[in-house]
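S.K.: The following block contains the structure, expressed as structure tokens.
The values are calculated or read from the model by the stated rules, or taken from the named source; none is laboratory data. Predicted model, so just to flag it, every value in this text is computed and none were measured. Cβ: placed from backbone, ideal geometry, glycine included. Neighbour counts: every protein chain shown.
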Amino acid sequence: MADKKIDITYHEYASLDELSEQDRQLANEAILAMKGAYAPYSHFHVGAAIRMSNGKIVRGANQENAAFPSGLCAERTAMFSAGAQYPDKGMESLALAGGVMGRLTKEPATPCGACRQVMAQYQAKSGKPMSIIMVGSSKIWKFDRVDDILPLIFDSI
């Protein structure tokens with residue numbers, strides 16, 4: 001037997017002002033996307049924004065349903081929309097923000113496991129790392145690649 005360790009590196013920012021102009025724009029788009037959430041059950045609104053390799057930004061918001069498994073997270077609504085609109089373009093970066101009553105959570109909202117796996121698939125499809133930005137009111141986390149939020153990514157090969 002051998003013990004192994006997985007190291008994860010990420011960047012933590014105290015405010016949106018510390019981000020690069022490009023990352024700040026994407027984070028603000030994710031915050032705006034929260035307005036499109038349909039969350040009558042959880043009341044937790046999540047917005048996501050994706051920067052494509054052609055510079056376009058695609059937004060998504062969580063969509064709940066009375067049949068709970070039928071709803072969809074903001075990240076996947078954005079990724080599936082981006083994949084359908086720009087099938088030949090890579091996804092360079094994804095930002096997400098969540099909160100209640102229009103107020104961001106203090107700590108950054110984090111993606112569920114299913115969303116992380118879909119991120120991994122689109123990152124693999126593009127052949128380039130996709131950065132992930134998680135926005136909270138007291139801090140922002142940036143991960144340079146999906147591997148850092150989903151170590152030991154599932155691959156069917």
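S.K.: Based on this model, can you work out whether GLY99 counts as farther than 21 Å from GLY136 by Cα, modelled with pLDDT of 95 or more and in contact with a helix residue (DSSP H, G or I) (Cβ under 8 Å, 6 or more places away or on another chain)? Talk me through it step by step, then tell me what you get.
M.R.: Working: farther than 21 Å from GLY136 by Cα: no; modelled with pLDDT of 95 or more: yes; in contact with a helix residue (DSSP H, G or I) (Cβ under 8 Å, 6 or more places away or on another chain): yes.
Answer is no for this residue.
S.K.: Right, something else. In the list LYS128, LYS89, LYS106, which residue meets the criterion of being in a loop (DSSP other than H, G, I, E, B), farther than 23 Å from LEU16 by Cβ and touching a Gly at 6+ places or on another chain (Cβ under 7 Å)?
M.R.: Testing whether each residue is in a loop (DSSP other than H, G, I, E, B), farther than 23 Å from LEU16 by Cβ and touching a Gly at 6+ places or on another chain (Cβ under 7 Å) leaves just LYS128.
S.K.: Taking region 34-60, which residues are surrounded by 15 or more Cβ atoms within 10 Å (Cβ to Cβ) and in a strand (DSSP E or B)? First the steps, then the outcome.
M.R.: Kept after step one, since they are surrounded by 15 or more Cβ atoms within 10 Å (Cβ to Cβ), are these residues of region 34-60: 34, 36-37, 39, 44-52, 57-60.
Correct list: HIS45, VAL46, GLY47, ALA48, ALA49, ILE50, ARG51, MET52, ILE57, VAL58, ARG59, GLY60.
S.K.: Right, another one. Is it fair to say ILE140 is surrounded by 19 or more Cβ atoms within 10 Å (Cβ to Cβ), at pLDDT 95 or above and under 21 Å from ILE8 (Cβ atoms)?
M.R.: Values: surrounded by 19 or more Cβ atoms within 10 Å (Cβ to Cβ): yes; at pLDDT 95 or above: yes; under 21 Å from ILE8 (Cβ atoms): yes.
Here the answer is yes, as ILE140 does meet what is asked.
S.K.: Given GLN63, GLN85, which one is loosely packed, with under 14 Cβ neighbours inside 10 Å, under 22 Å from GLN117 (Cβ atoms), of a type outside the set (Ser, Thr, Tyr) and touching a strand residue (DSSP E or B) at 6+ places or on another chain (Cβ under 8 Å)?
M.R.: Going through GLN63, GLN85 in turn, the sole match is GLN85.
S.K.: Determine whether ILE31 is β-branched (Val, Ile, Thr) and touching a helix residue (DSSP H, G or I) at 6+ places or on another chain (Cβ under 7 Å). Steps first, answer last, please.
M.R.: On the way: β-branched (Val, Ile, Thr): yes; touching a helix residue (DSSP H, G or I) at 6+ places or on another chain (Cβ under 7 Å): no.
So ILE31 fails the test.
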